[in-house]
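The values are calculated or read from the model by the stated rules, or taken from the named source; none is laboratory data. As the structure is a computational prediction, the values presented were derived from the model and not from experiment. Ideal geometry is used to build each Cβ from the backbone, glycine not excepted, and the neighbour counts take in all protein chains shown. Ligands, DNA and RNA are excluded from the accessible area calculation, which covers all protein heavy atoms including side chains. Shrake-Rupley method; radii C 1.70, N 1.55, O 1.52, S 1.80 Å.
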Amino acid sequence: MYFSWERHLPTASGSELYTQDKVFTFNTVEIKVEPSFKVRNGAPMSIICHADISKSADFQLKYNFTIFKDRRLVFMTVSDTGDARYEVPVAKSSDTGDYQCTVKADKKTGSSDPVHVWVTGMTKPTLTADKRDVLEGEVVKLRCELPEEEPPLQFCFRKIKTNSTPRETCVPEPYTNFSVLEVSVEEGDNILQFDCFGRRNVKLEWEDSAHSNKTLVTVREPFIKPTLTTVPSSNVTEGDQIQFECSTVVVRMHDIEIILQKNKSILNSVQDKKLLRYSTVATLEDSGEYLCKVEQGGASKTTKLNVVVSELFPKPTLVASMTKLDKNKELILNCSINGFQKANFSIIRKNANGDIPLKNSQTLKMRVNVNDTGSYTCKAEVKGIVKESKPVRINVYAPVSKPTLSVAGGLPEVVLGKPLQLICHSVMGTPPKTFRFYKGDDVEKIVINDTYATFLDENIRLNDQRGYRCDARNNHSSGVKTSDILNVTVVVPVRDASLGSVPYGEVEDGSEIAFLCSVKEGSLPILFRFFKKTDNEVLLFEKIEHRDRAMWHKETMKRQDTGTYYCVASNRANVDVRSQPITISVILAAWKKGVVAALVLITIAGAGALALWWFLRKKKKAKGPSMEMSGSALAANLTSEKLARQPNDGDYYSGSGYIEDSENHMKSTDENKGPDLESAEVEYTEVEVSTLDPHRDSMENRHSRISGHPDAT
């Protein structure tokens, strides 16, 4: 980058010559710090900005210098030279930062790289306290300030006690150069000293200031440490009256409180008094540590006392003649104290809704019932001291009833391949009960439950003849009760259904047909259902059979019965097995074919006779009697010619071959009848009709096999 001034000079030819001068450019702009980049707090510091410039000639420039600290403007000046100085007479920690210089000359600008300057050390903070004379429990407010430093800062306060390590508390202050801390005066704080110091973070390093002045605070007690005593002071025995006394001396009575505690439980308390009393009848549970606490405002002082209470007599013991016994048996409960006879005894039954006293005696005899099952204890009283024994559990058992064994589904059967779930149920008897399941003589499962148990047999075989049974027992002396044997039927699902018919494939209109549906396997009885396949499946016939097949006779088949048929077989396994479909076509009966053929022949013969009559009559009118003779001869010749042509005639219809469209064929013949009669020449066709035997045809169909059926004969 450069800048120049142009000057125009005349020439001999009258033109002007352009010359260039006053061209300059910035080479570098840099910052220097004196005495160094690390300056001690309080020392003088100079920030020097130097611009290195190249010129085309010796001419004067005006330089505008701007110095920034952490991108904030701190100094500006204009100079005729390439140097500028920013003087800091007394460097402070707040002068620490990144400095950068920018120089402008004419329209050009140059900038230096940033330089970090670190002013080490911080100014000494000042500490003040709002109170110099306080009571225990009161609060002292301290203020530590660094007026010459800039945030963010951290202030650390120290509480100094005689012959102890100072307690330090640090508070961050991101936006102010001072901090305020409230300090509670505790018990034992007699003469306190406080000081503080500041701290800042420079390039991830902490720098601490010197410690402030020390501030002295005098502490006075609002009350003395309490005194805790007992009467009697020693040899306390169960049943003795024991009294606790807790007292103190206070400066002022207002808001004073005395509290007596044992194991964090408050036994008694008084307010605005110097003395607390508490009395009770001593028991073993009263042994332990007692605490007397005096509180006023934030001050608190405590005194502890350990009390030992001697045992007057041990806990009683309850003994039962039996803990597990049968219903209607006799139970004896006896309560006693080891080495001690003079006591008031009572026997109690424990209950969730409250204890039930049974007898104020040392011994109890009773004939038990099932409802007497429960926990029992006894109590003994001496000199007002009551002690209770450990509980004794008594279980009374009623005998189990004979169990019943049943299938979870209800019926005593199971589908082959499916698991069998059995339930053994004993209605009567005291739980818990132990159930055992048997398959034959083998124990399959043992279950402990209250009233019933279940068993899942997943190993079901077709020819397994072993029966099931179960037994039940509890702790009653009567022993085990066994159920009846349960025999379970194994239901085999239906498999491989097939369908056949007689006749198969085709049946004459009006004839009967028999359908046979059979299965390869399946438990009886079996439900057979016959369907015709349509848009909506139509059930035609159903029958339950105690064999592997079922027959359905349909006496009269019609043309609309043509279609696809199938059967479905199922049994108690509830699995439907469907056969492959078969197609049945209903065709025209043989005698109907003969009638149609005869009608066709009659129609053709009538048409031929009429044509011949018309022809002969016309000739007779034209030639008279002579022509009649000729006509007779012609008729004889035609007859002879027809007889001679018979073997070469190709149109032949057998009774069985003339079908499928006899109605259409007859209709076509009638429609063409008129034109044939009006044609000039008539062609004669002689048809030979074979004789039909309806009885023979029917017998052949009846003896035809049931095609496609594996059981057909």
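Taking the Cα centre as origin and putting +1 on Lys and Arg beta-carbons and -1 on Asp and Glu beta-carbons, what dipole magnitude results for region 126-220, to the nearest 20 debye?
Dipole of region 126-220, to the nearest 20 debye: 180 debye.
Past the 18 Å Cα-Cα mark, which pairs from K131/K274; K445/K481; K22/K107?
K131/K274
Would you be so kind as to identify which of V103, V117, L73 lies farthest towards the positive end of the dipole of region 24-120, taking Lys and Arg as +1 and Asp and Glu as -1 on Cβ and the Cα centre as origin?
Final value for the positive-end residue is L73.
What pairs in K32/K92; K329/K383; K141/K203 have C-alpha atoms more than 30 Å from each other?
In this structure, K329/K383; K141/K203 exceed 30 Å between Cα atoms.
Please compare each pair in K55/K104; K264/K342; K124/K161; K225/K273; K365/K390 to a cut-off of 26 Å on the Cα-Cα distance and tell me which ones are over it.
Violating the 26 Å Cα-Cα cut-off are K264/K342.
Solvent-accessible area of W614, probe 1.4 Å, all protein chains present, reported in Å² to the nearest ten, please.
Surface open to solvent at W614 totals about 140 Å².
Ignoring ligands, DNA and RNA, what percent of the 1.4 Å accessible area of region 24-120 is carbon and sulfur?
Percent of accessible area from carbon and sulfur atoms in region 24-120: 49.
Need the C-alpha centroid separation for region 523-595 versus region 114-155, integer Å.
109
About the Cα centre of region 408-480, how large is the charge dipole given +1 on each Lys and Arg Cβ and -1 on each Asp and Glu Cβ? Please answer in debye to the nearest 20.
Value, rounded to 20: 100 debye.
In region 169-277, what percent of the accessible surface is made up of carbon and sulfur (1.4 Å probe, ligands and nucleic acids excluded)?
Here it works out to 49 percent.
Please enumerate, by chain and number, the lysines with C-alpha under 21 Å from the C-alpha of K533, excluding those fewer than 8 residues away in the same chain.
Once the sequence-local lysines are set aside, what remains near K533 is K543, K554, K558.
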